[in-house]
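A short reminder: the numbers here are calculations on the coordinates, not readings from a lab. A quick note: this is a predicted structure, and the numbers were derived from the prediction, not measured. Here the Cβ positions follow ideal geometry from the backbone for every residue, glycine too, while neighbour counts run over all protein chains shown.
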Amino acid sequence: MFPLIGFVLVLVGAAVTFILAPVGNVTTWSQIATILLIMLALLIGLIALAILGGLVYLVSYILGILPGYTRMAQDGIETIKRQAIKGADIAAEPVIQVQSFLAVVNAIFGRKQR
């Protein structure tokens, strides 16, 4: 909080100094305003750069510990997949057996004569 308060006090002091001191014409004030706008853009860019640097550091740190956990997650997903296939096979097996029995009966007794 201290740097923010200090920065605001410096800006207020600069504004008061410029208002009380007889600074000439419009050109000078436009140059001062341009400098302040550029400083604001640079400050926002510096904050974005700091955030980006922090994210790069965090990603590099996470990549150091991630491979073990990703392997465990892949094994867990593979187990879930096997259990789902097994459950689907158990549910479909009676239907398949009835259909195959009817196909055998139809093949034996239902042949058409040509």
Which one of 26, 69, 104 is farthest out on the positive end of the charge dipole of the chain, using unit charges on Cβ (Lys, Arg +1; Asp, Glu -1) and the Cα centre as origin?
104
D for the stretch 2-109, whole µm²/s, Stokes-Einstein with Kirkwood Rh over alpha-carbon pairs at 37 °C and 0.692 mPa s: what number?
149 µm²/s
Cα-centred dipole magnitude for the chain, charges only on beta-carbon of K, R (+1) and D, E (-1), debye, nearest 20
840 debye
Could you give the nm distance between label points at residue 14 and residue 26, where each point is 7 Å from its Cα heading toward the beta carbon?
2.3 nm
Please give, to one decimal in nm, the separation of the simple spin-label points placed at residue 41 and residue 66, each 7 Å out from Cα toward the Cβ.
3.4 nm
Please list 3J(HN,Hα) in residue order for the stretch 67-78, calculated via the Karplus relation 6.51 cos²θ - 1.76 cosθ + 1.60 where θ = phi - 60°; whole Hz, with x for glycine and proline.
x, x, 6, 5, 5, 5, 5, 5, 4, x, 5, 5
If each of residue 79 and residue 100 carries a label point 7 Å out from its Cα toward its Cβ, how far apart are those two points in nm?
3.1 nm
³J(HN,Hα), Karplus 6.51/-1.76/1.60, whole Hz, each residue of the stretch 44-60, x for Gly, Pro
5, x, 5, 5, 4, 5, 5, 5, 4, x, x, 5, 4, 4, 5, 5, 5
